[in-house]
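Comments concern the structure below.
The values are calculated or read from the model by the stated rules, or taken from the named source; none is laboratory data. Please read these numbers as outputs of a predicted model, since none were measured by experiment. Positions of Cβ are backbone-derived with ideal geometry, glycine not excepted, and every protein chain shown enters the neighbour counts. What goes into the accessible areas is simple: the full protein's heavy atoms, side chains included, and nothing from ligands, DNA or RNA. Shrake-Rupley method; radii C 1.70, N 1.55, O 1.52, S 1.80 Å.
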Amino acid sequence: MLSVQEAYPKLGDLKAPYLLGAGLALALVGVLGIGGASGKDEWLSNGPLSASHALFGDDCSTCHTPGQGTSDAKCAACHEKRGDHPGAYSLDTHYLYRSNDPDRSSPLEDEFECGACHREHQGRTAPLTDVADQSCNRCHATGSFAATHPEFAVIAEAVPDQDNLRFPHVLHVREVQDQEDLEDIELTCLSCHNGESDGAGFVPISFEEHCSDCHLTSSTRTPSLAVATAANPIGVETLDQIRARGGAGRLWADYTNPNEFQIQGGQLRKRPLYHADPWVLDNLTRLRSALYDAGGLEDLLRVSADVPLGQRRILYTEAIATLRDQIRALRDEPSSQVQDELEALEDLIASVERRLENPLEPLNDARFRVGPADRRDDVSDADAQAYEALIGDLTAACQECHVVEDATIKRVQADQSTLIRAEFSHRAHVTHSRCLDCHTSIPVREFIGSEDDPEPEADHAGIQNLPGIETCTSCHGESAASDQCTSCHVFHPDKSQWANLLRYARP
Ligand code: HEC
Ligand code: HEC
Ligand code: HEC
Ligand code: HEC
Ligand code: HEC
Ligand code: HEC
Ligand code: HEC
Ligand code: HEC
Ligand code: HEC
Ligand code: HEC
């Protein structure tokens, strides 16, 4: 019987002598002759396996196929065990790398094996995941972070942030500082930006948590609004009209206090106004369908359909959630008409869900959108203007913060995270740096002590306010902090993304 070293010689060039069944001496000669570049010592004695794999050490064939080195299939047999994640560690999956872009799944000629990055036999304590930059540079040719890494795309291309929310920082930092009597500017930041539990990022902004102390108070009300009548449909519906009409999604009307509405001489005012006030949203929906002729799917969203490409599933998910709510509310209704409607809704949900399950089915977000092209033919220009003016008044209090377009509140991106191809953790940095050392695009420091506000174009939600690469290289280089690719990038995408990514992986 051959010794382990004989059974598992250095691969590649060395295959031939082994396969020919030659003895140890012949193999050795072969190695010395043609395998010199890799060094014979490695070949003769492999080092101890890492602690993770130590238990398999007695059985080399766990990873090696005699004559063929390690094989990805053997690694995958353990690591991709769960049937629903085949290919989770494959290069294809890396190519897709959270871009969710199937065009990126383009294998190269010269693919890597698992073992090319995960060096084994380096000793019990050597981390298997300590992958050297050269493994990445073989394909990326990025060189070193400090010297040749490209500027982050979001900075280099000045990619604008979504600005459907109106929000100036300086004014608010000052307000919060005054209201909460905070000396330290950084503490004001934290009153709106609450750290996630792992300290990496911040939880999404929420109206209730972060704005409601100062905005939409009990005295906020609408201006005077015309009440809709048969003769003049360009008006808002009263609570009674809405209750009388009934229908899916109007349960809120039964629980709304009629005293919030003052109606006089065909005019209505509502006070107070709540955030996402259902009466406002209901009227907005009705006015939208009077003005535009669309498919009705847009009414299942609370806000507009503008989500980034690749996230269209969100729209369908939201629409389904709305339908489910409506069904729940209708379940007790005895009327057969309602039950018919319910059945139709169930069918619609089932068909939408079937579509969502098929990853190759392209999702069409056009069906959720309403735009000028949908304007009803029978609405004159003068009426259209009157509708727009009414919508403006109805949502006046909302428009302090929201953009309303085509009778729709534009979607707010509450989660502010931007980087998708690199990791960043605040936890590792807030002990070394101040918030305003990195977030310098909005001139908070310059204006905080003064009475003046910066020009609106220097302080608005469309500014990304993120640091460029020079901020990072001031520490991440040879001296202060690591510049290894793997300290900022993961190779195998985030497991939570697998479900998405693997839709496109090769079978
Ligand atoms: C847990 C998996 C695993 C087990 C078990 C394992 N190896 Fe390896 N071995 C590797 C990996 C990974 C490499 C490096 C990648 C490559 O060359 O394919 C490697 C490389 C080698 C090499 C080539 C040396 C080099 O640096 O290129 C030899 C020789 C070797 N192993 C022998 C053995 C022997 C003998 C055993 C059994 C005692 C064994 N291996 C068990 C994973 C394993
Ligand atoms: C017989 C099953 C088995 C095989 C085959 C196997 N592994 Fe593992 N691997 C494990 C176990 C068990 C662990 C430790 C538990 C864990 O981290 O999930 C591990 C851990 C790892 C880790 C993570 C170590 C860490 O620090 O997190 C890497 C990377 C890895 N294996 C790569 C490989 C590669 C590459 C191969 C093929 C050359 C391979 N494994 C083959 C079972 C296996
Ligand atoms: C076998 C070739 C290969 C290797 C090795 C490789 N990559 Fe990639 N990587 C790709 C391809 C192909 C893409 C898809 C994007 C593209 O087409 O440019 C990609 C995408 C990326 C992206 C996203 C870039 C973008 O434009 O969206 C990052 C970041 C990245 N890789 C980092 C790494 C790191 C870090 C390593 C080393 C641990 C590594 N890669 C190793 C081929 C490779
Ligand atoms: C500590 C109280 C406070 C909090 C909390 C607060 N605001 Fe304000 N906000 C104000 C004050 C005061 C003004 C100035 C009002 C004025 O000019 O009439 C204002 C004005 C605004 C304006 C108009 C700015 C302008 O240039 O006219 C917007 C938009 C706004 N806030 C959005 C928000 C949002 C969004 C939140 C929650 C993330 C929020 N605010 C939280 C106090 C606050
Ligand atoms: C002071 C600023 C501010 C005002 C005024 C405001 N909003 Fe908002 N709104 C926000 C912020 C911030 C978000 C995103 C965070 C969240 O969802 O809580 C938001 C989100 C929303 C959403 C999406 C929530 C969801 O669950 O999808 C709706 C709908 C909405 N607002 C409607 C309204 C309506 C209607 C009004 C007027 C009655 C209004 N808002 C007034 C700041 C404001
Ligand atoms: C070393 C530089 C650095 C420091 C210091 C820093 N940040 Fe950041 N911050 C970043 C980078 C880089 C991002 C982009 C991360 C992303 O998009 O995933 C970011 C993103 C953010 C975001 C948007 C993403 C999210 O999760 O909401 C907020 C808000 C934020 N930082 C607030 C703060 C606050 C508050 C402090 C001080 C307590 C702070 N930052 C300190 C570099 C820094
Ligand atoms: C009153 C609440 C509030 C306070 C106080 C506040 N922010 Fe924000 N911040 C927001 C809101 C709302 C957004 C989202 C809108 C936007 O992009 O400007 C945001 C966005 C950000 C972002 C994401 C980048 C961007 O502009 O899209 C960063 C970074 C950030 N804030 C940093 C800070 C820092 C640093 C401080 C303290 C100096 C601070 N914020 C204080 C509410 C606040
Ligand atoms: C003031 C110096 C400094 C600056 C500026 C800085 N870093 Fe760091 N960074 C560090 C140090 C020190 C660590 C190691 C912290 C630790 O002990 O985990 C680190 C760790 C990290 C990590 C690993 C985080 C973890 O949880 O292990 C990432 C990713 C990172 N930095 C990215 C960045 C990026 C991107 C920038 C530029 C926007 C940046 N850093 C700017 C000092 C800095
Ligand atoms: C200190 C942190 C850090 C280090 C170290 C680092 N990167 Fe990056 N890299 C980033 C950030 C941040 C981005 C921007 C990510 C984004 O736009 O989502 C980025 C972007 C990239 C991209 C995408 C470029 C593009 O144009 O979109 C590639 C590819 C990449 N890095 C490869 C590497 C490689 C290879 C290494 C090692 C030589 C490396 N990076 C080291 C932080 C780092
Ligand atoms: C281009 C280099 C590269 C290749 C090829 C590669 N990996 Fe990895 N792998 C890494 C890096 C870097 C990490 C550290 C965590 C991360 O970046 O995802 C890692 C982490 C791991 C981990 C442990 C952590 C985790 O995320 O679960 C396992 C297990 C693993 N790899 C298995 C494999 C297997 C199996 C293959 C082959 C099918 C493979 N790797 C191919 C670079 C690589």
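Across segment 225-409, Cα-Cα distances exceeding 31 Å account for 21% of all pairs. Treating r as the C-beta distance of Tyr274 and His489 and R0 as 56 Å, the FRET efficiency rounds to 0.80.
Distance between the 7 Å Cα→Cβ label points at Leu171 and Thr217: 1.6 nm. Heavy-atom surface analysis with a 1.4 Å probe gives segment 225-409 a carbon and sulfur content of 50 percent of its accessible area. Across Glu405, Glu451, Glu111, the residue with the most accessible area heads the list, and the full order at a 1.4 Å probe is Glu451, Glu405, Glu111.
When all alpha-carbon pairs of segment 358-461 are counted, what percent fall beyond 16 Å? When every Cα pair of segment 358-461 is considered, 78 percent fall beyond 16 Å. With R₀ fixed at 30 Å, the C-beta to C-beta distance from Ser52 to Glu196 puts the FRET efficiency at about 0.55.
In segment 225-409, a dipole from Cβ-located charges (positive for Lys and Arg, negative for Asp and Glu) runs towards its positive end, and of Ala253, Leu315, Val352 it is Ala253 whose Cα lies farthest in that direction.
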